[in-house]
Amino acid sequence: MSNLPVLDAGTLLEIYKKAALIRYNDMRVIKAMKAGLLMTPYYSPAGQEIIPSALSVNLNDGDTICTIYRGTHDMLAKGFPLGPLWAELAGRITGSCKGKGGTMHLTHPESGCMVTTGVVGSSMPIATGLGWSAKLEGKGHVAVANFGDGAANIGAFHESLNLASLWKLPVIFICQNNRYAEHTSFANSTAVDQLSKRAAGYGMAGVTVNGNDVDEMYGAAKIAVDRARAGEGPTLIEALTFRFNGHLIGDAAGYIPKDEMASAKQNDPFVTLRKRVLVDDAASEEALDAIDADIKARIEEAVKAAFDAEWPDVSELKRDVFAHELA
Ligand SMILES: Cc1ncc(C[n+]2csc(CCOP(=O)(O)OP(=O)(O)O)c2C)c(N)n1
């Protein structure tokens with residue numbers, strides 16, 4: 001991409017802090033799972049840290065995001081607090097959904113983190129509705145829909161992009177194309193080589209970027225967010241990336257060729273980002289180490305608080321679930 005908005009050192013460091021939070025949190029979740037402490041399915045976002053980090057520095061508190069089960073990275077980057085997140089993963093009453101949601105239904109509206117969903121493709125119609133609401137409110141807020149490459153082949157993709165474009169809604173559709181939908185490769189499921197080409201069919205802007213490249217991802221996100229805030233309608237961003245694990249923890253990813261996985265890990269976008277921060281002199285190595293240590297300490301605090309918290313009472317099982325009980 002040319003003519004990208006320029007990434008300044010302060011913003012680069014903010015992106016680093018978000019990416020580090022995502023990476024260290026992911027490592028801690030996997031460690032807790034291996035110790036048998038978490039009973040939630042977990043869909044690791046390792047390898048996909050740059051996308052939400054470079055996006056979220058362009059968002060503010062009034063903006064909203066929806067994402068999928070593989071969405072802890074999106075949520076953390078937007079501002080989902082660690083305490084309610086860990087308590088939710090651990091199924092405790094102090095969780096953001098009182099322990100009923102887990103990875104599939106993470107929600108914290110106070111920070112604009114509306115929902116992770118387990119129904120493939122459903123983040124798009126929800127974000128489209130949020131975009132409509134933002135447009136009616138007229139405060140310049142935007143809504144973001146994150147989804148995978150598999151979800152781009154579902155009917156809800158067509159319905160959401162068509163309506164958002166027709167009504168010029170402030171929605172940013174971010175396809176995190178990690179090349180595999182569960183066990184099916186992109187090439188075996190998708191008729192176009194670039195998903196962004198589909199944007200033209202809906203009369204909207206569309207772009208494919210290297211989602212692991214901080215400049216490309218930041219630039220594309222900034223252009224899309226500015227466009228949405230200015231009332232110029234939605235954008236489809238296809239962000240190319242790769243996941244470092246199987247579909248969920250426990251899946252050995254035998255369908256991913258070993259050399260493909262090895263090369264992705266060798267080009268770890270988080271390691272590249274850290275080097276970039278140093279090269280740009282956005283922070284010293286000591287400063288980054290201190291940032292990392294602080295993040296890790298905050299994660300440990302959240303882990304401890306989660307496992308010290310009470311389990312929900314059985315009476316919680318149906319509460320907040322059925323409409324008639326909400327009244
Ligand atoms: C409507 C629907 N169909 C099928 C499934 C089963 N399923 C769960 S995850 C998944 C793959 C989705 O892949 P993708 O959208 O590329 O996201 P990724 O997991 O790669 O991030 C499928 C088919 C589902 N949860 N919902």
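Residue 36 passes every criterion in (1) buried (at least 20 other Cβ atoms within 10 Å of the Cβ); (2) more than 14 Å from the ligand (Cβ to nearest atom) apart from (1). Among the residues making up the stretch 126-151, a single one is within 15 Å of the ligand (Cβ to nearest atom) and open to solvent by 50 Å² or more (accessible area, probe 1.4 Å): 126. Across the stretch 40-68, the number of residues qualifying as assigned to a loop (DSSP other than H, G, I, E, B) and either surrounded by fewer than 24 Cβ atoms within 10 Å (Cβ to Cβ) or more than 10 Å from the ligand (Cβ to nearest atom) (or both) comes to 15. Filtered by the rule that a residue be without any contact (Cβ under 8 Å) to a residue 40 or more places away in the chain and in contact with a strand residue (DSSP E or B) (Cβ under 8 Å, 6 or more places away or on another chain), the stretch 218-232 gives a lone residue, 227.
So that you can scan it fast, the table gives a plain yes or no per residue for (1) more than 16 Å from the ligand (Cβ to nearest atom); (2) buried (at least 19 other Cβ atoms within 10 Å of the Cβ); (3) farther than 20 Å from residue 309 by Cβ:
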residue	(1), (2), (3)
82	yes, yes, no
87	yes, yes, no
96	yes, yes, no
103	no, yes, no
112	yes, yes, yes
122	no, yes, yes
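Selection over the stretch 247-261 of residues that are more than 23 Å from the chain's Cα centre (by Cα) and among the small types (Gly, Ala, Ser) gives a count of 1. Only one entry of 156, 199 meets the criterion of being crowded, with 21+ Cβ neighbours inside 10 Å, assigned to a helix (DSSP H, G or I) and not polar (S, T, N, Q), and that entry is 199.
Listed by first and then second residue, the pairs linking a residue in the stretch 141-157 that is of a type in the set (S, T, N, Q) to a residue that is not in a strand (DSSP E or B), with Cβ atoms under 7 Å apart and 6 or more places separating them unless they lie on different chains, are 146/71; 146/74; 146/123; 153/189; 153/190. Determine, yes or no, whether residue 258 is farther than 28 Å from residue 32 by Cα, open to solvent by 30 Å² or more (accessible area, probe 1.4 Å) and not polar (S, T, N, Q). For residue 258, the condition - farther than 28 Å from residue 32 by Cα, open to solvent by 30 Å² or more (accessible area, probe 1.4 Å) and not polar (S, T, N, Q) - is not met.
The values are calculated or read from the model by the stated rules, or taken from the named source; none is laboratory data. Predicted, not measured: the structure shown is a model, and the values here were computed from it. Glycine gets a Cβ as well: all are built from the backbone with ideal geometry, and neighbour counts include every protein chain shown. Ligands, DNA and RNA are stripped out before the accessible areas are found, and what is left, the full protein with its side chains, is counted by its heavy atoms. Shrake-Rupley method; radii C 1.70, N 1.55, O 1.52, S 1.80 Å.
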